[in-house]
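The values are calculated or read from the model by the stated rules, or taken from the named source; none is laboratory data. Everything numeric here is computed off the predicted structure, so don't read it as measured data. Cβ atoms come from the backbone with ideal geometry, glycine included; neighbour counts cover every protein chain shown.
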Amino acid sequence: MKTLLLPGSDPATPEIAAKIIRQGGLVAIPTETVYGLGANGLDEQAVARIFEAKGRPQDNPLILHVAEPTEMEKFCHSIPNASYTLAEKFWPGPLTMVLPARDIVPRRTTGGLSTVAVRCPDNDTTREIIRLSGVPIAAPSANLSGKPSTTTAQHVLHDHDGRIQAIVDGGPCRVGVESTIVDLTESRPRLLRPGGITPEQLIEVLGDLVIDKAVTAQIDKDAVVKAPGMKYRHYAPEEPVVIVSGSREQAAAYIHRHFVPGDRVLCFAEELPLYVGCNPLAYGSEADVNTLSAGLFAALRELDDPSIHQVYARCPVGGGVAYAVQNRLKKAAAFHIVNPEEES
Ligand code: TXA
Ligand code: MG
């Protein structure tokens, strides 16, 4: 199969992509968070192709992408008032809501669950593709399962060239980490995955937020979890990643003590001068956390090289979007964090 690379700016692109979706094919779509691997979310066979192309476990449900916030009513029921407020404030945008699913949504899309995740992405081309398809687009992040997410069309081409019908090139993704997921099916709202909409923003609307344990700790493979995707090792390059906490100077001293040829350092742009001779890679500026979220996955993909022995990574501290960056980096490191102060 020849994979078409469709420019997002070409006015013909939305209809070409929508036609492939209507015919049950796979199209990688740009969003403000990461690229998604899209198919008709109401067509079991089309959805099955997503799982096959990604090598994704069948129990890991997909997000349904809608063109308009009001469309959530077509696919969800028992929608609490808070969902309407969240949709009004944050859609289109990097927020996914988990709600009770209507019967029209195939269980293959929901990974067998009675709930469904919905989101209205902030990308005009992709919303036009959804509109022209006439169906919601189910789309996981377009990376191969277990690999870092795809934030450019070239990342998608690398993982899926010749295996999917088309990729819509909308340029690099602005947010760079996947959407915030909040579960609204229980008495208290629960954060299943942090992202571009911050816990602080959610609490301002909801007045309450439980942080699911899968956000803060490694979850056992056999555990029963709310977001099945959270238990799989994620976002990870091939070789071990260890996060080095502490101040700039403490971390640099620790890394220089342990560094051997073949290791790499993933750091902030401000820290590059501290790692001369250690082959450092900066993923953004510590002074602007949005550059860190936007650059993280491209950097993790660059470090996905079997010849690398060990990656020492620096992680931003604090809340807001930094919370999402911490979550992704900790997952890439399988929650392996060292504190230089504790080394005797
Ligand atoms: O930003 C994003 O959300 C991107 C773009 C393409 O929209 N999509 C994305 O999809 O990150 P994916 O499949 O890589 O991650 C979706 C996560 C998984 O961890 C999955 O387990 C969880 O959402 N999820 C989906 N449906 C769910 C449900 N009904 N209940 C709980 N978790 C759900
Ligand atoms: Mg994913």
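Checking each residue in region 162-193 for being outside any strand (DSSP E or B) and either within 17 Å of the chain's Cα centre (by Cα) or among the acidic types (D, E) (or both) picks out G170, G171, P172, C173, R174, V175, G176, V177, E178, S179, E186. Counting the residues of region 108-140 that are touching a helix residue (DSSP H, G or I) at 6+ places or on another chain (Cβ under 6 Å), assigned to a loop (DSSP other than H, G, I, E, B) and of a type in the set (S, T, Y) gives 1. Tell me whether region 212-221 contains one or more residues that are over 23 Å from H77 (Cβ atoms), part of a helix (DSSP H, G or I) and not aliphatic (A, V, I, L, M). Within region 212-221, one or more residues are over 23 Å from H77 (Cβ atoms), part of a helix (DSSP H, G or I) and not aliphatic (A, V, I, L, M).
When residues in region 175-206 are screened for being touching a Lys or Arg at 6+ places or on another chain (Cβ under 6 Å) and under 12 Å from E32 (Cβ atoms), 2 of them pass. Residues in region 287-310 that are modelled with pLDDT of 95 or more and exposed (fewer than 15 other Cβ atoms within 10 Å of the Cβ): A287, D288.
Of the residues contained in region 265-275, one or more are found to be part of a loop (DSSP other than H, G, I, E, B), at pLDDT 95 or above, more than 23 Å from A139 (Cα to Cα) and not polar (S, T, N, Q). Scoring K147 on the criteria (1) away from ligand 2 (no atom under 15 Å from the Cβ); (2) farther than 23 Å from D183 by Cα leaves a single failure, condition (1). As a summary of the residue check, H77 satisfies the conditions (1) out of contact with any Phe, Trp or Tyr (no Cβ under 6 Å at 6 or more places or on another chain); (2) within 16 Å of ligand 2 (Cβ to nearest atom); (3) not charged (D, E, K, R) except for the one numbered (2). Restricting attention to region 311-336 and to residues that are at pLDDT below 95 and in contact with a Lys or Arg (Cβ under 8 Å, 6 or more places away or on another chain), the residue that is nearest to T151 (Cα to Cα) turns out to be K331.
As a summary of the residue check, D159 satisfies the conditions (1) assigned to a helix (DSSP H, G or I); (2) crowded, with 18+ Cβ neighbours inside 10 Å; (3) in contact (Cβ under 8 Å) with a residue 60 or more places away in the chain except for the one numbered (3).
Beta carbons closer than 7 Å, at least 6 apart along the sequence or on distinct chains, pair a first residue in region 202-229 that is surrounded by 13 or more Cβ atoms within 10 Å (Cβ to Cβ) with a second that is modelled with pLDDT under 70 and not hydrophobic (A, V, I, L, M, F, W, C) for A214/K231; I219/K231; V225/K231. For region 88-107, give me each residue that is part of a helix (DSSP H, G or I) and within 15 Å of ligand 1 (Cβ to nearest atom). Answer for region 88-107, where residues must be part of a helix (DSSP H, G or I) and within 15 Å of ligand 1 (Cβ to nearest atom): just F90. Just to verify a result, which residue in region 162-185, among those that are under 19 Å from G111 (Cα atoms) and surrounded by fewer than 22 Cβ atoms within 10 Å (Cβ to Cβ), is nearest to ligand 2 (Cβ to nearest atom)? Among those residues, the one meeting the criterion is D183. All of N81, N123 fail the test of being at pLDDT 95 or above and near ligand 1 (Cβ under 10 Å from one of its atoms), apart from N123.
Select from region 23-48 the residues that are touching a residue at least 40 places away in the same chain (Cβ under 8 Å) and exposed (fewer than 15 other Cβ atoms within 10 Å of the Cβ) and list them in ascending order. The one that is touching a residue at least 40 places away in the same chain (Cβ under 8 Å) and exposed (fewer than 15 other Cβ atoms within 10 Å of the Cβ): E44. Taking region 186-197 as the region of interest, how many residues are surrounded by 19 or more Cβ atoms within 10 Å (Cβ to Cβ) and either over 12 Å from M97 (Cβ atoms) or within 16 Å of ligand 2 (Cβ to nearest atom) (or both)? Residues that pass the stated criteria total 5.
Reported count of residues in region 31-59, each being near ligand 1 (Cβ under 9 Å from one of its atoms), in a loop (DSSP other than H, G, I, E, B) and either of a type in the set (G, A, S) or within 14 Å of the chain's Cα centre (by Cα) (or both), is 5.
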